[in-house]
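Heads up: the structure comes next, in structure tokens.
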Amino acid sequence: MDQVLDDFRTKILPGVTHWQSPSFFAYYPANSSVAGFLGEMLSVGLGIIGFSWITSPAATELEMIVLDWLAKLLNLPEQFLSKGNGGGVIQGSASESILVVLIAARNKVLRSVGQNALEKLVVYSSDQTHSALQKTCQIAGIYPANFRVLETDASTNYAMRPELLQEAVSQDLEAGLIPFFLCATVGTTSSTAVDPLAELGTIANKNGIWFHVDAAYAGSACICPEYRQYIDGVETTDSFNTSPHKWLLTNFECSLLWVKDQDSLTEALSTNPEYLKNKASQANLVIDYKDWQVPLGRSFRSLKLWMVLRLYGSEALKRYIRNHIKLARYFEQLVSQDPNFEIVTPRIFSLVCFRLVPKENDEKKCNNQNRKLLDAVNSSGKLFISHTVLSGKVVLRCAIGAPLTEEKHVTEAWKVIQDEASFLLHK
């Protein structure tokens, strides 16, 4: 064991990017915690594969309970609770959530219009929607020509524009196509843009379009009453997803998906081979989560979420979210005070998008400078940030959300960024 651990320290750790470091500010956070670890340990120790209720009744029932708890914390509509025909399920990631609901929506419309209509089905998103949707369309057989990507710009802070959606839907209907799926985002990957759910939902509902909301990152913030406004309009949706493994102290994998109509999932995804048949399932007395996901097998993932909710409680989790947003506000102020930098999009949650300002309006040179700054900062090994491109501008992203991050880490990160920028600008 000593030799193995020595090899781990000398051969593996040097090649690890430390996502739990207080100076990790790239992408979006991937939270771990003592409570999540304990839940994971219990799950691994039990080692159950809970694909059906009968394979471990507590696994299914606890998942239903904690999903209802989170739904109530988020103040989601009652149709998403397990007491009716809706309910929640833990997926491995937001990408899996998009995949299962798009397949459910596809099968639902094809049952209505005929299986040969696949080539007519149209999907809608914005140019800020996560790339998982494009991959999902490729898997689900949606024709590439029928994947509508609506442009966004700074005038709406990169949120989807309802009038563009309405125009695209109208044109597709006139062309004899079938609009069937819309994916909106609360907290886009590039800049945490928030799509206007209520207005988009009105269009989707009027045209029989399945409306899914991806709130993988920012959904966690909406347990705080002052941020709940960002999912106003969720009552118009068919499905909603957020991932506690990003920003709610629950170890990966733990992505929560709620649907209003569980039958749409099970009709698209269920299989019933003889070797899995049992009295409870045959009598439709229980939920079998194998029919809510792509794989058959699944671990006891609800234990870690249960542990987080029980050991920390909702008020501590709200304080945790608020603290990261406070730190992001502090970083935003530091950036704003430096004339060499600018904030590119308004900060909403705990992501700050910023860049070196262009000299003499030379955007090409500015982009090159920001790429060099990104490389220099990350090469220092003192912190890790990532980037995106908005309206042709290379933008640096500082996403604050690691469990151990304090104000001193934000201050130190900004000093490194300033020092590297000063060196670049005076070369």
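Miscellaneous remarks
- Subset of the range 109-128 [within 20 Å of Asp238 (Cα to Cα), modelled with pLDDT of 95 or more and open to solvent by 20 Å² or more (accessible area, probe 1.4 Å)]: Val109
- Residues located in the range 151-161, provided they are under 17 Å from Val123 (Cα atoms) and open to solvent by less than 20 Å² (accessible area, probe 1.4 Å): Thr152, Met160
- Every listed requirement among (1) at pLDDT 95 or above; (2) on the phi > 0 side of the Ramachandran plot; (3) open to solvent by 70 Å² or more (accessible area, probe 1.4 Å); (4) of a type outside the set (Lys, Arg) is met by Gln337 save one, (2).
- Among the candidates Ser82, Ser95, the residue that is open to solvent by 10 Å² or more (accessible area, probe 1.4 Å), of a type in the set (Gly, Ala, Ser) and part of a helix (DSSP H, G or I) is uniquely Ser95.
- Check on Ser43, assigned by TED's automatic domain parsing to the domain that holds Val213 and either open to solvent by less than 50 Å² (accessible area, probe 1.4 Å) or at positive phi (or both): yes
- Residue satisfying condition, being at pLDDT 95 or above, more than 29 Å from Leu317 (Cβ to Cβ) and loosely packed, with under 13 Cβ neighbours inside 10 Å, within set Val395, Val389: Val389
- Matching residues, the range 46-61, being closer than 17 Å to Glu253 by Cα and free of Cβ contacts under 8 Å to residues at least 40 places away in the same chain: Gly47
- A single entry from Ile12, Ile48 fulfils the requirement of being over 26 Å from the mean Cα position of the chain (by Cα), at pLDDT below 95 and of a type outside the set (S, T, N, Q): Ile48.
- Residue among Phe240, Phe181, Phe252, Phe211 that is in a strand (DSSP E or B), more than 19 Å from Val149 (Cα to Cα) and within 21 Å of the chain's Cα centre (by Cα): Phe240
- Candidates Arg355, Arg347, Arg329, filtered to the one that is closer than 23 Å to Ala216 by Cβ, in contact with an Asp or Glu (Cβ under 9 Å, 6 or more places away or on another chain), touching a residue at least 12 places away in the same chain (Cβ under 8 Å) and not assigned by TED's automatic domain parsing to the domain that holds Ala221: Arg347
- Candidates are the residues of the range 157-166 that are more than 21 Å from the chain's Cα centre (by Cα) and touching a residue at least 12 places away in the same chain (Cβ under 8 Å); the one that is nearest to Arg347 (Cα to Cα) is Pro162.
- Selected residue (criterion: nearest to Gly219 (Cα to Cα)) from residues of the range 302-324 that are of a type in the set (A, V, I, L, M, F, W, C) and surrounded by fewer than 20 Cβ atoms within 10 Å (Cβ to Cβ): Ala316
The values are calculated or read from the model by the stated rules, or taken from the named source; none is laboratory data. Predicted model, so just to flag it, every value in this text is computed and none were measured. Cβ sites come from the backbone with ideal geometry, for glycine too, and all protein chains shown count toward neighbours. When the accessible area is computed, the model is the full protein with side chains, heavy atoms only, and any ligands, DNA or RNA have been set aside. Shrake-Rupley method; radii C 1.70, N 1.55, O 1.52, S 1.80 Å.
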